[in-house]
Amino acid sequence: MLTTAEEDRLEDLLPLTAVEVTYEGSVHQYDIAPWWWGGDAVGDDASTPPAYPALALQFETQNQPETARQPANNLQSIDNPANDPGLTETRTEEVSDDLSMMVVVETTHDENGVPPQVRCSQLTRHLWRFIQFDLDDVLNTPGENGERPMRSEITSSPTPTRVQRTLQAEWSVRLHHAETQDVEVDTAAGAEYSAEQTDN
């Protein structure tokens, strides 16, 4: 499960500003507004419609175990300082979150005369290609605020649908990451043994 800082980092990494759309020989620029279903930590209210064009984001699953990627005994590392009777085990579990991403535009020609199908398809292609080819280069490293490195995997192709007065294109991205926990383990510094001998 992503932390608020990790969600913010993901949003900041996506190329959502000055996205170019070409139509009939002219190039127009659009800013895509991110919009989290259920609201987000900065107070965006999901009960009100987003500004269009929008990128709607919603987690479909969270913390799904990746059994094929687990380290032995879920043990990542052991810190056992010399002359210290205790040790620290770092235990890790490889998990994944499935995130739905949906580009949403209004089903009208905009002020530039660009049809909704053109806007939706080109904005979707722009984001899809970034996630497919470039996102891991910046996401698969630790963040400045303790964000964990992650690996992304597109698991479905964009599917266009019309809902009320909007045209939408939705696809899914799987985010692979690790849940870690430090466990303090007491160890015996030494042991004394004694035995009595009896004569038979």
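Pairs needed: first member in segment 48-68, closer than 16 Å to Arg119 by Cα; second member anywhere, outside any strand (DSSP E or B); C-beta distance under 6 Å; at least 6 residues apart or different chains.
Pro53/Ile32; Pro53/Leu123; Leu55/Ile32
If you check every pair at least six apart or on different chains, which have Cβ atoms under 7 Å apart with a residue in segment 139-155 that is modelled with pLDDT under 95 and charged (D, E, K, R) first and a residue that is exposed (fewer than 14 other Cβ atoms within 10 Å of the Cβ) and outside any strand (DSSP E or B) second?
Arg148/Pro142
In this structure, is Arg91 modelled with pLDDT under 95, surrounded by 14 or more Cβ atoms within 10 Å (Cβ to Cβ) and in a loop (DSSP other than H, G, I, E, B)?
So Arg91 fails the test.
Of the residues that sit in segment 1-24 and are open to solvent by less than 40 Å² (accessible area, probe 1.4 Å) and part of a loop (DSSP other than H, G, I, E, B), which one is farthest from Met101 (Cα to Cα)?
My answer is Leu2.
Determine which single condition Asn73 fails, assuming it passes every other condition in (1) at pLDDT 95 or above; (2) touching a strand residue (DSSP E or B) at 6+ places or on another chain (Cβ under 9 Å).
(1)
If Asn200 meets every condition in (1) assigned to a loop (DSSP other than H, G, I, E, B); (2) at pLDDT 95 or above; (3) surrounded by fewer than 12 Cβ atoms within 10 Å (Cβ to Cβ) apart from one, which number is that one?
Looking at each condition in turn, Asn200 falls short on (2).
Looking at segment 156-171, which of its residues are open to solvent by 60 Å² or more (accessible area, probe 1.4 Å), touching an Asp or Glu at 6+ places or on another chain (Cβ under 9 Å) and farther than 16 Å from Glu106 by Cβ?
Selection gives Thr159 alone.
Among (1) in contact with a Leu (Cβ under 6 Å, 6 or more places away or on another chain); (2) modelled with pLDDT under 95; (3) crowded, with 16+ Cβ neighbours inside 10 Å, where does Pro50 come up short?
Checking Pro50 against (1) in contact with a Leu (Cβ under 6 Å, 6 or more places away or on another chain); (2) modelled with pLDDT under 95; (3) crowded, with 16+ Cβ neighbours inside 10 Å, the one that fails is (1).
Given the criteria among the small types (Gly, Ala, Ser) and farther than 14 Å from Met102 by Cβ, does Ala178 qualify?
yes
The values are calculated or read from the model by the stated rules, or taken from the named source; none is laboratory data. Predicted model, so just to flag it, every value in this text is computed and none were measured. Reconstructed Cβ throughout: ideal geometry from the backbone, glycine too, with neighbour counts over all protein chains shown. What goes into the accessible areas is simple: the full protein's heavy atoms, side chains included, and nothing from ligands, DNA or RNA. Shrake-Rupley method; radii C 1.70, N 1.55, O 1.52, S 1.80 Å.
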